[in-house]
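The values are calculated or read from the model by the stated rules, or taken from the named source; none is laboratory data. In this text the structure is predicted, and so the values were computed from the model without any measurement. Glycine also receives a Cβ, built like all others from the backbone with ideal geometry; neighbour counts cover every protein chain displayed. Calculation scope for accessible area: heavy atoms of the full protein, side chains included, ligands and nucleic acids excluded. Shrake-Rupley method; radii C 1.70, N 1.55, O 1.52, S 1.80 Å.
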Amino acid sequence: QVQLVESGGGFVQAGGSLRLSCSASGRTFSTSTLAWFRQAPGKEREFVAAIHWSSDQTLYGDSVKGRFVISRDNAENMVYLKISSLKPEDTAVYLCAGKFLGSLDGARSGDMTYWGRGTQVTVSP
């Protein structure tokens, strides 16, 4: 019933930018925490960013601080991730995840209930 669908991935050159979107449906997310993760071939899933819906507080992984920005649109139940100054090592499948209630620290540890299928981001050198 709860569904998260990512979009906006693609192919970019190093130094470029993309805006990823996550459409959340099935219920209101006013009490939720939503987050972005990424997973590259042969590597473990990595926390990227999280946002607490009601307070608009955010948390970022160390590898993306200053380059990525997470935001949300309350009316549309949309979560965005602006990814900039991209490097080849940013290449991965980017996944949207959510949890009702939840917390930023919980998101950082991967404690999420709902997951999207991901959108591919490929950064060429």
remark   = Checked 11, 37 against criteria (surrounded by 20 or more Cβ atoms within 10 Å (Cβ to Cβ), assigned to a strand (DSSP E or B), of a type in the set (Phe, Trp, Tyr) and at pLDDT 95 or above); the one match is 37
request  = Select from the stretch 76-117 the residues that are among the charged types (D, E, K, R) and in a strand (DSSP E or B) and write down the one among them that is surrounded by the fewest Cβ atoms within 10 Å (Cβ to Cβ).
outcome  = 82
ask   = Is it fair to say residue 2 is β-branched (Val, Ile, Thr), open to solvent by 30 Å² or more (accessible area, probe 1.4 Å) and closer than 15 Å to residue 115 by Cα?
value = yes
note = Only one of (1) surrounded by fewer than 21 Cβ atoms within 10 Å (Cβ to Cβ); (2) more than 26 Å from residue 14 (Cα to Cα) does not apply to residue 53, and that is (1)
message = Which of the numbered conditions does residue 68 fail, given that it passes all the others? Conditions: (1) touching a helix residue (DSSP H, G or I) at 6+ places or on another chain (Cβ under 6 Å); (2) buried (at least 21 other Cβ atoms within 10 Å of the Cβ); (3) under 30 Å from residue 125 (Cα atoms).
response = (1)
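State yes or no: is residue 30 of a type in the set (Ser, Thr, Tyr), part of a loop (DSSP other than H, G, I, E, B), open to solvent by 10 Å² or more (accessible area, probe 1.4 Å) and free of Cβ contacts under 8 Å to residues at least 40 places away in the same chain?
no
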